[in-house]
Amino acid sequence: MAERSIAAIYFAILGIITTAFGIADILVTMGAGSFAFGILEIPGDLFRGGWGGFIVLSAGLFYLSGIRNFEDIHQFSKIVMGSILIWIMAGCDIFAMITESIPGGEDGTWFNTFNGFIGTYAPPYAPAVLLLPFSLVVVYYIYKRK
Amino acid sequence: MKLTIDQRWDIIDKIAKQTVTFGEYKHTLKDAIGELTIKPLTGVPIAIAVMYAFWSIFGSFAGTLFTDGFMVKLFDGYFLPWMQDIFPGAGGWLYYIIVGDPLADNCFEAFGMLTSGLFVAIGVVLPAIFIFYLMLALLEDMGYMPRLAVLIDTVLHKIGLHGYAIVPTILSLGCNVPGVTATRILETRKQRFIMMTLLAIFIPCGAQIGIMEEVIPDTMGWVLLYLIIGYFIFGYILNKIVPGKSPEFLIDVPPYRKPMLSNLTKKVWGRIAGFFKVAIPFVLLGCGIVNVLYLAGFIDWVGNVLSPVFVLWFGVPEATAGPLIAAFLRKDLAVAQLSVIEMTPYQMISAVVLVSIYFPCVATFAMMIKEGAKELLGALAVLFAVVFLYGGLIHLIGILMGVA
C-alpha cells in the first residue's frame, strides 16, 4: 500500500515537471528563440520545440491521468505510455547527437576528432533527455507486475 | 455417410472441448497499450510522437550523417573535380550533358548526368530511401500501421477514403510508384481515383523530401504544411464531385509484436531494389534529357512563354520555368535546380510546392497509365485545375501576409 502511494506520488511529481517542460517548450517556440539555463536547453525551433514540446506535454498529461487507481492495468498503461513518449523524444535527441558526433567538420576531414566526438555529448540537454533517467523508473514497475 | 444437424453439433462440441480453453481473460499491459493507441484522445498524441520520431531519425540519419557528413565531401571534394579533370572537351555539349558546368564547385550546381545525377541518386536519395523504408517496415511489423489506419479512418472518410488509404499515402512518401500500385487495396473506382489523384499531386516522394531536407531545411515544414492542407481541401472537393461509393472498412487489429530481422531485411531490400531499378535510371536519364532541353533552348522558350503566369499568377521568378519542366522527369532534380535560383524564402516555398503539385514524375505517370487511361485523364484534368488554383492561392496568402 505504502509503495503504491510512493509510486503514485513519484509519477505525479514527474507528470507535473514533464507538463511544465512541455508548456515551456511551446512557449519558448512561440517566442521564436531558444532558452538555456545550466544543463537545460529548451529548443526554439518549430520542429523540436513546437512539435516536440507538444509530445513532452502529452507525456506529462499521460502521467497525470494515470496516477489515480495506479494498480489498474489501464491506468498503469497510461504511465507506461508517458514514459514511452519521453523515450521517443530523448531517443531522437540522442540519435541526433550520435549522427552529429561521427563525421568531421566542414574542413574536409572524414571523421570527427576524439575531443569533438566527446564534446557533442556535453550539456546543455533538451528537457526530454533530462527526464529520461526519471522516466525509466516505470521499468521497475513493469517487471514488478510480471 | 450423412450426419444429422444434432450429430454435427455433437462433433463440434467434442472438438471445442479438446481445443478451446475457457476462462476469464485478463488484459495484459500490451493489450492496454494497444487500446491507448486506437482511442482518438490518447492515440492522436501517440501518432504525432511516432511521426516525430520518423522524421527526426530520417533527418539525422540521411541528412546529418550520410549526405552532409560523408557524401557531400566525397562528391564535391573528390568525385566532381576528378570528373571535371578526366572528361575531355570542357565546354562542349557532351561535357555539358555528362559533367555539367565546368566551373561548378559542388554537385548541386554542376547538373551533369554523372555528377549531379549520381550525387542525387546515391548521395542524397539512397540514404533517405533506406531509412524511410526501414522505419516503415518496423512500424508495419510491430503492428502499428493497422492502428494508425483505425485512428485516421474518420478523417479520411471526409475525403471519400477510409483508414486503409494511409498505406498508399505513406508508401508514396517513399516513392509514388508503389503508392499508386497500392491504391488497388481500395474497393471502389471512386476511392482509387481520389487516392491516385491526391498521391500524384500532394505527396512528395522520399527523393524529393531528401533533397528538400538538404537544400531548404528551414522552410521545408511550410512546404509540407501546404501540401497536407491541399491534400485534405482537394480530397474533400473530389469526394463531393466524383460519383461513386465510399464504403466502410473492417480491420482485424493484430497484437503488438517484436519485428523479425529476416522480415525487415527482406522488405527493405525488396523496396531498395525497386528504387535501384526504377529511380536511378530515371534520375540519370532525367538529368541528361533536361540538359539536352536546355541546350536546345526549349526550356528558355517555355520560360519566356509562361513567364506572365509564373511571375504574375504564381509570384515566382521566370527562371523557375526550367525546374518545372525538369520536374516531369525528376522532382528531386527540380528542387535541386530551384535551390540555385535567387528567390525570397516565400518564393522558394511557393516554387517547391508548385514543383510538388505540378505534375507526377514520369515513373508515376507510367504507372498511372497502367491503372487506367480514363483515370489518368481525369487525374490530369484535376491536376491542372489544382496547380492553377492552389498556386494562385498560395501567392495570394503570401501577398496578404506581406511576404510574397
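Read-outs throughout are calculated quantities, based only on the coordinates presented, and are distinct from any laboratory measurement. What you are looking at is a predicted structure, and each value in this text was computed from that prediction instead of being measured. Here the Cβ is made from the backbone with ideal geometry for all residues, glycine too, and neighbour counts use every protein chain on show.
Can you tell me how much longer the chain between B:Lys374 and B:Leu103 gets when fully stretched, taken as 0.36 nm per residue apart minus their C-alpha distance, in nm with one decimal?
Gain in length upon complete extension: 92.9 nm.
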Which of rounded, prolate, oblate describes the stretch A:46-112, given a ≥ b ≥ c as roots of the alpha-carbon gyration tensor eigenvalues and a/c under 1.5 marking rounded, otherwise prolate only if a/b is larger than b/c? prolate
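Please work out the ratio of the alpha-carbon Rg of the stretch A:2-145 to 2.2 N^0.38 Å and round it to two decimals. Working shown, then result.
Details: Rg = 17.3 Å, N = 144, 2.2 N^0.38 = 14.5 Å.
Compactness ratio reported: 1.19.
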Using label points projected 7 Å from each Cα along Cα→Cβ, tell me how many nm separate B:Asp6 and B:Ile48, to one decimal. 6.3 nm
For A:Ser34, residues with placed amide H under 5 Å, excluding near neighbours: A:Gly44
Label zone at A:Phe134, where the point sits 7 Å out along the Cα-to-Cβ direction: the stretch A:17-44 residues whose backbone N lies under 16 Å: A:17-25, A:37-42
Using alpha-carbon coordinates, inclination of helix B:362-371 to the longest axis of chain B, degrees: 40 degrees
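Quick one: of B:Lys240/B:Lys331; B:Lys158/B:Lys370; B:Lys190/B:Lys331; B:Lys30/B:Lys240; B:Lys240/B:Lys266, which pairs are farther than 32 Å apart, Cα to Cα? Display every interim value, and only then the final one.
Values: B:Lys240/B:Lys331 30 Å; B:Lys158/B:Lys370 28 Å; B:Lys190/B:Lys331 27 Å; B:Lys30/B:Lys240 40 Å; B:Lys240/B:Lys266 41 Å.
From the list (B:Lys240/B:Lys331; B:Lys158/B:Lys370; B:Lys190/B:Lys331; B:Lys30/B:Lys240; B:Lys240/B:Lys266), the Cα-Cα distance tops 32 Å for B:Lys30/B:Lys240; B:Lys240/B:Lys266.
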How many angstrom lie between the Cα centre of the stretch B:221-249 and the Cα centre of the stretch A:77-146? 37 Å
I'd like the orientation of helix B:298-308 relative to chain B: the angle between its Cα long axis and the longest Cα principal axis, in ° from 0 to 90, rounded to 10. 80 degrees
Helix B:5-19 vs. chain B, principal-axis angle (Cα, 0 to 90°, nearest 10): 70 degrees
